[in-house]
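A quick write-up on the structure given underneath.
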Amino acid sequence: MAIRESRALINDGLGTPASVKVFDFSFSLSAQPKIVTPEPVKIQDSDPPEKFQPEIAQGQEIFDGKNFLAFAAKDKGSGIARYEVREYRQKSFFSSPPGKLPLARIF
């Protein structure tokens, strides 16, 4: 397959011609796709996230008056994907604040 003639126009309402460059490109078709697994990107982040203070609070306007955990945290480096919280021998239950505390007790 080859491009013999090409023309491009700028989307300016006037049909102004734009320059076009054509490059060779080769491809093949196969009954079995070639699966390529990309190399994972290695991120070097030696700076710890900023310190933060989680707080347990309660209010009638959120979570039906049950206790909840609220915090604000930042990691200006590579970023933290999520925070997980575990309440006294329970499974991890949320990853972004505010989060309702399942046991709703303060120890």
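What follows draws every value from the coordinates through simple rules; no lab data is involved. Worth saying up front: this structure is predicted, and the values here are computed from it rather than measured. Counting neighbours? That spans all protein chains shown, and the Cβs are built from the backbone with ideal geometry, glycine included.
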For this session: For Ala18 and Ala73, calculate 0.36 nm times their separation in residues minus their Cα-Cα distance, and state this gained length in nm to one decimal.
Result: 15.0 nm
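By its C-alpha gyration tensor, with a ≥ b ≥ c as the square roots of the eigenvalues, how is region 27-69 shaped: rounded for a/c under 1.5, else prolate for a/b larger than b/c, else oblate? It would help to have the intermediate numbers written out before the result.
Working: a/c = 8.16, a/b = 2.22, b/c = 3.67.
Judged from the Cα gyration tensor, region 27-69 comes out oblate (a/c at least 1.5, b/c at or above a/b).
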For this session: Mind giving me the nanometre distance, one decimal, between the label points for Ser26 and Asp45, set 7 Å out from Cα along Cα→Cβ?
Result: 4.2 nm
Exercise. How do 34-44, 53-63, 7-17, 67-77 rank on mean C-beta neighbours within 10 Å, highest first?
Worked result: 67-77, 53-63, 7-17, 34-44
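Fully extended, how many nm does the chain gain between Ile62 and Ile35 (0.36 nm per residue separation, minus their Cα-Cα distance)?
Numbers: separation 27, 0.36 × 27 = 9.72 nm, distance 4.82 nm.
Stretched fully, the Ile62-Ile35 segment lengthens by 4.9 nm.
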